[in-house]
Amino acid sequence: MGHDHDHLPSEIRHEKPLWWALGLTTTFLVVEVVGAFWTNSLALLSDAAHMATDTLALMIALVAVRLSRRPPDARRTYGYARLEALGAMINGAMLFVVAGYILWEAIARFRQPQEIASTGMLVIAAFGLVINLISMRLLQAGSGESLNVKGAYLEVWADMLGSVAVIVGALLIRWTGWKPIDPILAVLIGLWVLPRTWVLMREAINVLLEGVPKGTDVAKVRAGLTAHAAVLDVHDLHVWALASSTPALTAHVVMRDGTDPDALRRELGARLHEEFGIDHVTLQIEADHCGEACGQPVKHDHDHDHDHDHTHGHDAQGHHGHVHR
């Protein structure tokens with residue numbers, strides 16, 4: 001019986017909301033850019049810049065979602081799932097650039113305050129708030145499962161707060177006539193976005209560097225495997241993520257003599273699924289007498305000082321391993 005390890009992301013079902021959000025943000029982007037120059041509002045321009053990154057983020061997310069569906073091939077045996085993390089990195093980099101530009105422009109506005117058309121600023125910001133709230137609703141469901149959707153959701157969330165800030169600023173400027181309110185709001189929007197952008201990029205970097213997935217404790221995973229009565233030792237344990245929602249694990253498991261390796265592999269695979277949510281599992285089962293090197297996670301190099309043959313096995317759940325005898 002063959003086996004099939006699916007390297008594609010386990011959940012890709014949020015493409016339609018991405019398309020709707022892209023249509024809404026693109027439409028409003030045009031309105032806001034025109035309005036920013038018409039009203040001469042830096043805060044509104046700051047919000048428009050973030051809306052532009054929203055549009056690009058949604059485009060990147062859609063491209064990454066489509067490409068990540070491509071199956072593995074001879075050149076990329078894991079498929080294209082990590083395009084999700086690359087898309088998130090690009091989105092994060094764009095946010096940093098935009099925030100830097102707005103902060104720089106705000107400094108100039110502090111030195112030389114400019115006239116603001118507060119009424120137009122208020123109307124456009126209110127319209128933007130409605131668009132952002134709709135987009136946030138569309139993207140919320142997928143923000144916890146995909147780095148791409150999370151990046152787009154953070155972008156829209158930042159825009160929503162930006163729209164609120166612009167509305168408040170427009171009202172304050174209208175009531176007080178104090179022009180520095182506009183660059184102050186622009187700075188606050190930029191400072192709010194930067195830390196959240198770093199969190200997004202940090203998660204993407206962790207995926208690209210094959211780091212341990214968020215929420216996974218390797219020590220607990222090891223303890224869960226060694227808690228099995230038939231397991232003597234676990235070494236060469238690696239846990240990483242193919243994509244934000246696709247954790248993977250490989251390990252060498254030393255079993256007690258007389259243990260059925262296929263049954264052990266199935267039981268350990270079920271435990272990893274139930275306790276840790278890890279479904280992509282590759283376990284190499286080793287017999288107790290395979291040698292002292294079996295229990296050495298650092299020096300283990302497969303060149304044991306004794307002859308052994310490899311028995312390869314797999315099961316209906318897709319887990320496979322090798323039995324050293």
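The values are calculated or read from the model by the stated rules, or taken from the named source; none is laboratory data. Quick caveat, the model's predicted, so the values are computed rather than measured. A quick note on method: Cβ atoms are made from the backbone with ideal geometry, for glycine too, and the neighbour counts reach across all protein chains shown. In case anyone asks, the SASA skips ligands and DNA or RNA and just uses the protein heavy atoms, side chains included. Shrake-Rupley method; radii C 1.70, N 1.55, O 1.52, S 1.80 Å.
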So how long is each side of region 150-203 along the principal axes, counting just the alpha-carbon atoms, biggest first, in Å?
-> 43, 15, 7
Provide the packing ranking of 248-254, 24-30, i.e. peptides ordered by the mean count of other C-beta atoms within 10 Å per residue, highest first.
-> 248-254, 24-30
Area accessible to solvent at residue 150, 1.4 Å probe radius, in Å² | 40
When ranked by the protection proxy of mean other Cβ atoms within 10 Å per residue, highest first, what sequence do the peptides 264-275, 118-129 form?
-> 118-129, 264-275
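I need the Kirkwood Rh of region 163-267: take the reciprocal of the average 1/r across all distinct C-alpha pairs and report it in angstrom.
Numbers: mean 1/r = 0.0546 Å⁻¹.
Here the Kirkwood hydrodynamic radius works out to 18.3 Å.
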Surface share of carbon and sulfur [accessible, 1.4 angstrom probe, percent] for region 28-131 = 71
